[in-house]
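Structure in structure tokens, see below.
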Amino acid sequence: MKILGLSIAFSFIAVAFYSGVAHGQVETDLPEELGTALGIFKLNSQTTKIAGFETFDFFQLKKFRGQNTTDPIINRDGTVSIDGQIQTKDGRTYKFRQGSIKRLPTGEYEEINFITQAVKGIRFEFKGRFLRTKILEKNGFGYSTIRGMFIKKINGKRMATGEFSFFEFATL
């Protein structure tokens, strides 16, 4: 019995060692570098008519001017300032007025927040996060990497809101 218990314990330690994950650590899909957190993100739904967001095409997270992606400047609140924009299917661009990604003590990036500049009275807000584990959506286009609350305001009044998932759109 002692030999069996020792054998099981050794097997567990060997699996943890060879998998590169030590006890107490959790493997995640969170981006570990600012450069991997940036990109184009599209709504992960095959439903094309979402009330208030019919013309939404994608949002793009970009590095802030002067920001180094390998050694970014971290603000006092643990966030890294980012730039970006929302692009609509009718050709409008809504540049970020402010944006940030929260960096965890582990060095991974998690929370995303941005507010766009108003264009003809319309602006967007987003509060979300990178998912710890990518999720394959049932009616989506791929694996969701971001989920959060998306808000559309017209002349300062909330006109549409919803919690949505987004996938990273590969650009070549």
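The values are calculated or read from the model by the stated rules, or taken from the named source; none is laboratory data. Every value quoted in this text rests on a predicted model; they were computed, and no experiment measured them. Glycine gets a Cβ as well: all are built from the backbone with ideal geometry, and neighbour counts include every protein chain shown.
Being within 18 Å of PHE130 (Cβ to Cβ) and basic (Lys, Arg) is the filter; apply it to segment 61-75 and report the residue that is farthest from the chain's Cα centre (by Cα).
Out of the qualifying residues, it is LYS63.
Output the number of residues of segment 54-67 satisfying the condition of being at pLDDT 90 or above, surrounded by fewer than 17 Cβ atoms within 10 Å (Cβ to Cβ) and closer than 15 Å to GLN98 by Cα.
Count: 1.
Every residue in segment 106-151 that is touching a Leu at 6+ places or on another chain (Cβ under 9 Å), in a loop (DSSP other than H, G, I, E, B) and over 14 Å from PHE41 (Cβ atoms), please.
THR106, GLU108
OK, next. Give the residue that is nearest to THR36 (Cα to Cα), with candidates limited to residues of segment 135-159 that are of a type in the set (A, V, I, L, M, F, W, C) and crowded, with 19+ Cβ neighbours inside 10 Å.
Going through segment 135-159, the residues of a type in the set (A, V, I, L, M, F, W, C) turn out to be 135-136, 141, 146, 149-151, 154, 159.
Filter once more, keeping what is crowded, with 19+ Cβ neighbours inside 10 Å: 146, 150.
Working: ILE146: 13, PHE150: 22 Å.
Once the filter is applied, the top-ranked residue is ILE146.
Here is a further query. Under 17 Å from LYS63 (Cα atoms), more than 14 Å from the chain's Cα centre (by Cα), of a type outside the set (A, V, I, L, M) and modelled with pLDDT under 90, is that true of THR171?
Values: under 17 Å from LYS63 (Cα atoms): yes; more than 14 Å from the chain's Cα centre (by Cα): yes; of a type outside the set (A, V, I, L, M): yes; modelled with pLDDT under 90: yes.
So THR171 fits the description; yes.
Where the second residue is buried (at least 18 other Cβ atoms within 10 Å of the Cβ) and modelled with pLDDT under 80 and the first is under 16 Å from GLN87 (Cα atoms) and hydroxyl-bearing (Ser, Thr, Tyr) and lies in segment 25-50, which pairs have Cβ atoms under 8 Å and are six or more apart or on separate chains?
Between residues of segment 25-50 that are under 16 Å from GLN87 (Cα atoms) and hydroxyl-bearing (Ser, Thr, Tyr) and residues that are buried (at least 18 other Cβ atoms within 10 Å of the Cβ) and modelled with pLDDT under 80, there is no close pair.
From (1) surrounded by 13 or more Cβ atoms within 10 Å (Cβ to Cβ); (2) over 19 Å from THR161 (Cβ atoms); (3) not charged (D, E, K, R), pick out the condition that doesn't hold for THR70.
Unmet condition: (1).
Hey, another quick one. Can you name the residue in segment 91-102 that is among the basic types (Lys, Arg) and part of a strand (DSSP E or B) and is also surrounded by the most Cβ atoms within 10 Å (Cβ to Cβ) among such residues?
Our first condition is that a residue be among the basic types (Lys, Arg); within segment 91-102, this holds for 92, 95, 97, 102.
Checking which are part of a strand (DSSP E or B) leaves us with 95, 97, 102.
On the way: LYS95: 13, ARG97: 12, LYS102: 18.
The residue in question is LYS102.
Can you report the number of residues in segment 27-41 which are assigned to a strand (DSSP E or B) and at pLDDT below 80? Step through it out loud before you land on a result.
In the first step, residues of segment 27-41 are kept if they are assigned to a strand (DSSP E or B); the result is 39-41.
Then drop every residue that is not at pLDDT below 80, which leaves none.
Final tally of qualifying residues: 0.
Could you list, in sequence order, all residues of segment 112-134 that are surrounded by fewer than 20 Cβ atoms within 10 Å (Cβ to Cβ), among the β-branched types (Val, Ile, Thr) and under 16 Å from the mean Cα position of the chain (by Cα)?
Initial filter on segment 112-134 (surrounded by fewer than 20 Cβ atoms within 10 Å (Cβ to Cβ)): 113, 115, 117-123, 125, 127, 129, 131-134.
Subsequent filtering for residues that are among the β-branched types (Val, Ile, Thr) retains 115, 119, 122, 133.
Once the filter is applied, which keeps residues that are surrounded by fewer than 20 Cβ atoms within 10 Å (Cβ to Cβ), among the β-branched types (Val, Ile, Thr) and under 16 Å from the mean Cα position of the chain (by Cα), segment 112-134 yields ILE115, THR133.
Just to be sure, is GLY24 at pLDDT below 80, farther than 24 Å from SER165 by Cβ and over 19 Å from the mean Cα position of the chain (by Cα)? Spell out the reasoning first.
Details: at pLDDT below 80: yes; farther than 24 Å from SER165 by Cβ: yes; over 19 Å from the mean Cα position of the chain (by Cα): yes.
Yes; evaluated as a whole, the condition is true for this residue.
Report yes if ILE73 is of a type in the set (A, V, I, L, M), under 30 Å from LYS138 (Cα atoms) and without any contact (Cβ under 8 Å) to a residue 24 or more places away in the chain, otherwise no.
Details: of a type in the set (A, V, I, L, M): yes; under 30 Å from LYS138 (Cα atoms): no; without any contact (Cβ under 8 Å) to a residue 24 or more places away in the chain: yes.
Criteria not met by ILE73.
I've got another one for you. How about segment 42-90: which of its residues are among the aromatic types (Phe, Trp, Tyr), outside any strand (DSSP E or B) and within 19 Å of ARG147 (Cα to Cα)? Break it down into steps so the answer makes sense when it comes.
The initial filter retains those residues of segment 42-90 that are among the aromatic types (Phe, Trp, Tyr), namely 53, 56, 58-59, 64.
Among the residues that remain, those that are also outside any strand (DSSP E or B) are: 53, 64.
Scanning segment 42-90 gives a single hit, PHE53.
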